1. Quick check on the stretch 173-194. Is at least one of its residues modelled with pLDDT of 90 or more, open to solvent by 60 Å² or more (accessible area, probe 1.4 Å) and among the charged types (D, E, K, R)?
2. Among the residues of the stretch 63-79, are any at negative phi and at pLDDT 75 or above?
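The values are calculated or read from the model by the stated rules, or taken from the named source; none is laboratory data. Bear in mind that the values here come from a model prediction, so they are computed numbers and not experimental data. We work out accessible area using only protein heavy atoms, side chains counted, and drop any ligands, DNA or RNA first. Shrake-Rupley method; radii C 1.70, N 1.55, O 1.52, S 1.80 Å.
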Amino acid sequence: MTSQSTATLRSRYIEQAASDLEENRHQQKELAEALARLKHEESLLVDILTLAERYEGLPEASDLPSQKRAEPYAPDGRQAPPPTQKTTRRSAHMRERRLRKAQAEADAKGKSRQPLLGEILTELLGSHSEPRLAKELREELIAKHPDRSPTPQVVRNTLESLVAKGNVQRHKQQRSVMYTLVSGAQGGVSAEAGGTEDSTS
């Protein structure tokens, strides 16, 4: 072994030992922090046990939690009276109002349902007699529906889904793929075409 290879080998050993030493010290630090946390928890647990033993002899100490659960108290410290029929009716009335409100909100949400992406694309294709590129359809969609901005991939996937269902026809012109609406497909497309929601970009 030459002196150069010996020096290279020694250099590697030194680098490895320095790295191992750094890792060792890092682990020591982590263990020291973990030990400090455990010591702190130990002191807290000892305090809890000491307090529990100190109050163990009091006669009412064991009854206190069950009393709190079983007997409601008024703000002035006296035991609260049992709920009256009037209170029960009021609670039932409030519950009924909340249910009506929730139902009204659900109905409003259903009425204001946004059309699915497939429905919009079908409608756009129906307004053109010539085949359209997915890119052109996406631009037209964003122009007519500014609140919708599906990615080009989502538009293509939805169009291909419509092709698979027989609602849209695919045409290849050189390297471009274009789409047209199949005759008579627009009427029954809303129930099945637009299953794809557009994920906004």
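1. Start the filter on the stretch 173-194 by keeping residues that are modelled with pLDDT of 90 or more, which leaves 177-181.
With open to solvent by 60 Å² or more (accessible area, probe 1.4 Å) added as a condition, the list becomes none.
Within the stretch 173-194, not a single residue is modelled with pLDDT of 90 or more, open to solvent by 60 Å² or more (accessible area, probe 1.4 Å) and among the charged types (D, E, K, R).
2. Initial filter on the stretch 63-79 (at negative phi): 63-76, 78-79.
Narrowing further to those that are at pLDDT 75 or above: none.
No - not one qualifying residue is present in the stretch 63-79.
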